[in-house]
1. Find the residue count for segment 271-292, including only residues that are of a type in the set (Phe, Trp, Tyr) and either at pLDDT 75 or above or touching a helix residue (DSSP H, G or I) at 6+ places or on another chain (Cβ under 8 Å) (or both).
2. When segment 230-257 is examined, which residues are found to be part of a strand (DSSP E or B), crowded, with 18+ Cβ neighbours inside 10 Å and over 19 Å from the mean Cα position of the chain (by Cα)?
3. Between THR45, THR20, which is within 22 Å of ILE186 (Cβ to Cβ), modelled with pLDDT under 50 and hydroxyl-bearing (Ser, Thr, Tyr)?
4. Scan segment 323-343 and report the pairs whose first residue is part of a loop (DSSP other than H, G, I, E, B) and whose second residue is at pLDDT below 90, with Cβ atoms within less than 6 Å and a gap of 6+ or a chain change.
5. Picking from ALA113, ALA66, which residue would you name as being within 23 Å of ASN305 (Cα to Cα) and outside the structural domain of TYR283 (by TED's automatic domain parsing)?
6. Kindly indicate whether TYR146 is within 22 Å of ASP100 (Cβ to Cβ), surrounded by 17 or more Cβ atoms within 10 Å (Cβ to Cβ) and of a type in the set (Ser, Thr, Tyr).
7. If THR69 satisfies all but one of (1) among the polar types (S, T, N, Q); (2) farther than 30 Å from PRO212 by Cα; (3) not in a strand (DSSP E or B), what's the number of the condition it fails?
8. Would you be able to say whether some residue in segment 169-181 is over 30 Å from PHE110 (Cβ atoms), of a type in the set (Ser, Thr, Tyr) and out of contact with any Cys (no Cβ under 6 Å at 6 or more places or on another chain)?
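The values are calculated or read from the model by the stated rules, or taken from the named source; none is laboratory data. Remember, it's a predicted structure, so these values are computed and weren't measured experimentally. Cβ placement follows ideal geometry from the backbone for every residue including glycine, while neighbour counts extend to all protein chains displayed.
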Amino acid sequence: MSAVLDPRRALLAVGLVFATLAAVFAAPPSSARVVTAEKLGAVTTITTTTSGTASVVLYDDATVSAAPTNNPDISISGKGRLVGFDLISASNSQFGAAMDELTAERLPAFAGAQTHVTGMSGAAPKCTGYPNETVPVQQECSNCTYSPSPQVPLQASCTYDRPRYYKLHEGYYQLSVLTDGAPLTITIRLHGLGKSHTKVRLQSTFRSLETPLTQHESVGTSVVTFGGSASFAHPTEILTFVAAKTHPNSTIKAGSLCLRSDSAAPPPYAYSPACPGGQNQGYGYWVNLPGGVAGFGGAGVFAGNLTPTGDINGVGGSIADSDGPSYVGGVAVWIDGPAYLPF
């Protein structure tokens, strides 16, 4: 896997191949804003037809299953392509504070429509900048090994603990929910809160739009390109989810992401790795990395996160496989709202 400066802004791998706030309760933190926070209960239900956010409060420590799939404590129902939520502690804005986070997204039908759950309890994994924090050309993490070396990290192998559950500590949280224009119901079961049932209402909305990413040209037999366009002013973030069939034991796999502002009908090979006339925002590769049975129906699910600049109306990219990839489907999610959603 290629080393990157910021894994939140690079190609991410999902699957086996690639994978502010307060109501007043005793002594609220100094960073909290005086707003009415929605209460989280042992069974918390969120129902909405629009993407949005809410300030929520947890009055006692609670736990939730950390099962990445088939999670017994998280359910998402309703129509839509990419939908999900992120629940993050308000202390995230306090430098050096521990951070609790719970995230779940249901992938589009072309990627198996499975719900994936991730999270974090306590302090984030320790990473330092290289050559130093002032000039962080790359990151080195204490639980990673780099080949051939941390200074020349052509590939990285990182190991993280897989807990049985995530612990959400008492306090204030920010909830962000992404929908696809259809009624969406999310149920979260939090252990340690007795038998309380609560319904959370979103307090503000943000604009979001989901558009298909269709296959474009192939570059030889090893690279397929994909892309789509939208009329969406001032996006703050664009997420992409793409599925492609790749060969488990191929020598090289790669992917790239590209932004455009030329027209809704871009030139030939616009979304190839070079991204001619566009903005190439990410490239990742895997060398001699057996994938086994990948993702959904033999297809790997590639996730990307783009930071728009200027007048953007197109997004896309490419997937490479030295033995020949086959495109399955894709979707782009255009967002004008939270600075970052980790779906």
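1. At the first step, the residues of segment 271-292 found to be of a type in the set (Phe, Trp, Tyr) are 271, 283, 285-286.
Keeping just the survivors that are either at pLDDT 75 or above or touching a helix residue (DSSP H, G or I) at 6+ places or on another chain (Cβ under 8 Å) (or both) gives 271, 283.
Looking only at that region, the number is 2.
2. Looking only at segment 230-257, we keep the residues that are part of a strand (DSSP E or B), and these are 237-245, 252-257.
Filter once more, so that each one left must be crowded, with 18+ Cβ neighbours inside 10 Å: 237-245, 253-257.
If the condition is that a residue be part of a strand (DSSP E or B), crowded, with 18+ Cβ neighbours inside 10 Å and over 19 Å from the mean Cα position of the chain (by Cα), then LYS245, LYS253 are the ones that fit.
3. Values: THR45 fails: modelled with pLDDT under 50.
The conditions single out THR20.
4. Close Cβ pairs satisfying both conditions: ASP323/HIS247; ASP323/SER250; PRO325/THR246.
5. On the way: ALA66 fails: within 23 Å of ASN305 (Cα to Cα).
When all the criteria are applied, what remains is ALA113.
6. Values: within 22 Å of ASP100 (Cβ to Cβ): no; surrounded by 17 or more Cβ atoms within 10 Å (Cβ to Cβ): yes; of a type in the set (Ser, Thr, Tyr): yes.
Taking the combined requirement at face value, the residue does not satisfy it.
7. Failing condition for THR69: (2).
8. Pass one, segment 169-181, residues over 30 Å from PHE110 (Cβ atoms): 169-174.
Adding the requirement that they be of a type in the set (Ser, Thr, Tyr) leaves 172-173.
Those left that are additionally out of contact with any Cys (no Cβ under 6 Å at 6 or more places or on another chain): 172-173.
Yes, segment 169-181 contains a residue that is over 30 Å from PHE110 (Cβ atoms), of a type in the set (Ser, Thr, Tyr) and out of contact with any Cys (no Cβ under 6 Å at 6 or more places or on another chain).
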